[in-house]
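No lab work stands behind these numbers, since they all come straight from the coordinates. Since the model is a prediction, treat every value here as computed from it, not as a measurement. Here the Cβ positions follow ideal geometry from the backbone for every residue, glycine too, while neighbour counts run over all protein chains shown.
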């Protein structure tokens, strides 16, 4: 019985280790979005090498998305590549110092607009270690080093294609609130004036 328990524990530990290694790769979140949507994407990078830190990560963008902004990351410097039209085609984050230790991971955020006719976004990533070795996360979903994929759904009525819509709505609501406040102040002033006249009348009546 004791031997069976030992075998089971060993199998579970090995399975957990395998699952951990298999799932630890460069990914981009969210895994689903909508056509025409302005989205913030997060590149999650785990350092898998047990002895050498990750010092550089490159992500290439296909035609399904137009990335335009990047969040600054302390300890890292980013550079961009553009095509002849000025569209950003890739970004590379490089560590200023040692980079990611074997037990660490990092997240890099970027913002862009999903194409109106996109069906999926394939994120090809290249992870470089301190010793110069590179892991190319560019394969199919069932590959050993798969590229991360974001599924793109059809746009719905609630999806905003103009990131200024929210600001416009907020502005309209603010104007309505401002008008309501002005009207309330006017009513209060009139009420105060009426009460003042009534008080004055009562005072004059008492003197007589």
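Could you compute the FRET efficiency for residue 96 and residue 69, with r as their C-beta to C-beta distance and R0 at 25 Å, rounded to 0.05?
Numbers: r = 21 Å, r/R0 = 0.83.
Computed FRET efficiency for residue 96 and residue 69: 0.75.
How long is the gain from residue 140 to residue 32 if the chain were fully straight, where each residue apart is worth 0.36 nm and the alpha carbon distance is subtracted?
Details: separation 108, 0.36 × 108 = 38.88 nm, distance 1.74 nm.
Contour length minus the Cα-Cα distance gives 37.1 nm.
Tell me, in nm to one decimal, what length is gained between residue 50 and residue 109 on full extension, where the rule is 0.36 nm per residue of separation less the Cα-Cα distance?
Roughly 18.7 nm would be gained on extension.
May I ask you to derive the relative contact order of region 21-117, considering only C-alpha pairs under 8 Å and at least 6 residues apart, and to give it as an integer percent? Working shown, then result.
On the way: 187 pairs, mean separation 40.3, N = 97.
Value for region 21-117: 42 percent.
How much space per residue, in cubic angstrom, does the convex hull of the C-alpha atoms of region 39-162 take up?
Working: hull volume 15.9 nm³, N = 124.
It is 128 Å³ per residue.
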Protection proxy ranking, peptides 71-82, 94-105, average beta carbon neighbours within 10 Å, highest first: 94-105, 71-82
